[in-house]
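Taking it in order: structure first as structure tokens, then the write-up.
The values are calculated or read from the model by the stated rules, or taken from the named source; none is laboratory data. Everything numeric here is computed off the predicted structure, so don't read it as measured data. Here Cβ is always computed from backbone atoms with ideal geometry, including for glycine, and neighbour counts include all displayed protein chains.
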Amino acid sequence: MTDSTSAPAEPAQPDVRAYVANRIGYLELNRPKALNALSVGMIRLMQQALDAWRDDADVVAVVVHSPHPRAFCAGGDVRFFHDAWQRGDRDAVDTFFIEEYTLNHTIFTYPKPYIALMHGIVMGGGMGISQAARHTGGLRVVTDSTKMAMPETRIGLFPDVGMSWFLARAPGAIGRYLAVTGATLDAAGALYAQLADAYLPDAALPALFDRLCGARIDSGAQAVACVADAAASHKVVPTPDTSVLADARAAIDRHFAQADIGAILASLDAEQDCAAVDGWVEKATHAMRTQLSPLSMAVSLEVVERARGATMADCLRRDLDLTRSTFAHGDVIEGVRALIVDKDHQPAWRFKSVADIDRADVLAMFDSPWTPDTHPLRHLKD
């Protein structure tokens, strides 16, 4: 005889686990099959937790992390908003970005230290929930597995989630380079680009959590010091000044300081030492000519320039304006189709080359469908 009864199914785990331990609020990203790509539900869970902890005297700091080894967060759920737009559900797309950008601003203005442990893949929306940590008095911690990028030009988007604010403040022309090419940074490169503050080996993360749980934490500063001390205790750390990015810095500044994408490509074409820095110039030129949306590259360059001297609130409002225009008149639907949906990697971009783009085409993408009084993010203020 066999027992036909089965064990009760375990309850489904939420995509974000929000809990408090030793006066620290933890946001644990838990959507591993999607590499923790952010859904509207995840954004809402994070927002609710941060709102609840803001005035809670028993919570002195926040740590955001992933327990899954492959990724911290691979970005936003691009398949979701592609499908929503295709079926005519513009409200769903607007809601996603309005709530995501509101969360980004909540983190940027958070009154308690926010610490981001950024191992594995950290891209797109993952940057939006981590980069503001430094602004709160917290830390952005990278590891030996970190792969950091804003690869939006590959799918016809632009560096959103307020990243233009950070890229505009990166050393030299590095921010322009990263925005246009979507280049991936390792830990050393992230530190050099000032997009990370500290390094920990992946193997040291469990001990860090033990340390945070066991230490006496009476203030946010103590929580930050606990993480900083753990990072400082490791003798072997990446050296930013010897990173691939540092080696390419002079060339990046020379080429990507040019006025527009056409001038950047002409400057790259004139580079005499194309094989230097592991063929960096050849790789950048090849990607820009064959893989990236010409319109998105031009918009990305412009959005970084407009972020110089702007507030984060201004940047996020501009990001929302641009999401509308990129979905309605840009390349994002085609880019997501080619890379994510059909995976044929043959996008039919709106413009075949940067030579086909007029300045007016770029400026038109920045037109807002809202007035200042009706903008969905009008309430944001740094």
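Within the stretch 290-303, is even one residue under 20 Å from the mean Cα position of the chain (by Cα) and acidic (Asp, Glu)?
Looking through the stretch 290-303, at least one residue is under 20 Å from the mean Cα position of the chain (by Cα) and acidic (Asp, Glu).
Restricting the search to the stretch 15-33, which residues are under 22 Å from the mean Cα position of the chain (by Cα) and either in a loop (DSSP other than H, G, I, E, B) or modelled with pLDDT under 95 (or both)? Write out each step before concluding.
As a first pass, look at the stretch 15-33 and keep what is under 22 Å from the mean Cα position of the chain (by Cα): 15-18, 25-33.
Matches in the stretch 15-33: ASP15, ASN30, ARG31.
Pairs only if they're at least six apart or on different chains, beta carbon under 7 angstrom, first in the stretch 348-374 and among the charged types (D, E, K, R), second in a loop (DSSP other than H, G, I, E, B); list them, first residue then second.
ARG350/GLY330; ARG350/ASP331
Among ASP83, ASP89, ASP94, ASP77, which is the only one that is touching a strand residue (DSSP E or B) at 6+ places or on another chain (Cβ under 7 Å) and farther than 25 Å from VAL224 by Cα? Talk me through it step by step, then tell me what you get.
Working: ASP83 fails: touching a strand residue (DSSP E or B) at 6+ places or on another chain (Cβ under 7 Å); ASP89 fails: touching a strand residue (DSSP E or B) at 6+ places or on another chain (Cβ under 7 Å); ASP94 fails: touching a strand residue (DSSP E or B) at 6+ places or on another chain (Cβ under 7 Å).
Exactly one of ASP83, ASP89, ASP94, ASP77 is touching a strand residue (DSSP E or B) at 6+ places or on another chain (Cβ under 7 Å) and farther than 25 Å from VAL224 by Cα, namely ASP77.
Which condition from (1) within 20 Å of THR143 (Cβ to Cβ); (2) not in a helix (DSSP H, G or I) is the one that TYR110 breaks?
The failed condition is (1).
Within the stretch 283-305, how many residues are surrounded by fewer than 18 Cβ atoms within 10 Å (Cβ to Cβ) and either more than 23 Å from ALA348 (Cα to Cα) or hydroxyl-bearing (Ser, Thr, Tyr) (or both)?
Within the stretch 283-305, residues that are surrounded by fewer than 18 Cβ atoms within 10 Å (Cβ to Cβ) and either more than 23 Å from ALA348 (Cα to Cα) or hydroxyl-bearing (Ser, Thr, Tyr) (or both) number 2.
Being among the polar types (S, T, N, Q) and farther than 16 Å from THR181 by Cα: is that true of THR242 here? Step through it out loud before you land on a result.
Numbers: among the polar types (S, T, N, Q): yes; farther than 16 Å from THR181 by Cα: yes.
So THR242 fits the description; yes.
Starting from the stretch 72-86, keep only residues that are farther than 14 Å from GLU152 by Cα, then list their pairs with residues that are part of a loop (DSSP other than H, G, I, E, B) and small (Gly, Ala, Ser) whose Cβ atoms are within a distance under 6 Å, requiring at least 6 positions of separation or different chains.
Matching pairs, first to second residue: PHE72/SER66.
If we only count helices (runs of 4 or more DSSP H) wholly inside the stretch 178-248, which ones have 1 or more residues that are among the polar types (S, T, N, Q) and touching a strand residue (DSSP E or B) at 6+ places or on another chain (Cβ under 9 Å)?
Details: elements: 187-192, 205-214, 220-232.
The qualifying helices (runs of 4 or more DSSP H) are 220-232.
For the stretch 141-149, does any single residue satisfy the condition of being touching a residue at least 12 places away in the same chain (Cβ under 8 Å), assigned to a helix (DSSP H, G or I), farther than 19 Å from VAL244 by Cβ and not hydroxyl-bearing (Ser, Thr, Tyr)?
Initially, the stretch 141-149 is screened for residues touching a residue at least 12 places away in the same chain (Cβ under 8 Å), giving 141-149.
Restricting the remaining residues to those that are assigned to a helix (DSSP H, G or I) gives none.
No, that holds for no residue.
Taking the criterion of being under 23 Å from ARG140 (Cβ atoms), more than 15 Å from the chain's Cα centre (by Cα), of a type in the set (A, V, I, L, M, F, W, C) and modelled with pLDDT of 95 or more, would at least one residue in the stretch 72-93 satisfy it?
No, the stretch 72-93 contains no residue that is under 23 Å from ARG140 (Cβ atoms), more than 15 Å from the chain's Cα centre (by Cα), of a type in the set (A, V, I, L, M, F, W, C) and modelled with pLDDT of 95 or more.
Would you confirm, using the coordinates I've provided, whether GLY262 is surrounded by fewer than 20 Cβ atoms within 10 Å (Cβ to Cβ), free of Cβ contacts under 8 Å to residues at least 60 places away in the same chain, part of a helix (DSSP H, G or I) and out of contact with any His (no Cβ under 7 Å at 6 or more places or on another chain)?
Working: surrounded by fewer than 20 Cβ atoms within 10 Å (Cβ to Cβ): yes; free of Cβ contacts under 8 Å to residues at least 60 places away in the same chain: no; part of a helix (DSSP H, G or I): yes; out of contact with any His (no Cβ under 7 Å at 6 or more places or on another chain): yes.
So GLY262 fails the test.
Could you tell me which residue of the stretch 324-382 is nearest to the chain's Cα centre (by Cα), considering only residues that are part of a loop (DSSP other than H, G, I, E, B), surrounded by fewer than 19 Cβ atoms within 10 Å (Cβ to Cβ) and acidic (Asp, Glu)?
So, considering only residues that are part of a loop (DSSP other than H, G, I, E, B), surrounded by fewer than 19 Cβ atoms within 10 Å (Cβ to Cβ) and acidic (Asp, Glu), the one nearest to the chain's Cα centre (by Cα) is ASP382.
Taking the stretch 306-335, which residues are within 18 Å of PRO347 (Cα to Cα) and out of contact with any Lys or Arg (no Cβ under 6 Å at 6 or more places or on another chain)?
Restricting attention to the stretch 306-335, the residues satisfying the condition of being within 18 Å of PRO347 (Cα to Cα) are 326-335.
Of everything in the stretch 306-335, those that are within 18 Å of PRO347 (Cα to Cα) and out of contact with any Lys or Arg (no Cβ under 6 Å at 6 or more places or on another chain) turn out to be THR326, PHE327, ALA328, HIS329, GLY330, VAL332, ILE333, GLU334, GLY335.
Being more than 20 Å from ARG216 (Cα to Cα), more than 19 Å from the chain's Cα centre (by Cα) and at pLDDT 95 or above is the requirement here; does ASP51 meet it?
Taking the combined requirement at face value, the residue satisfies it.
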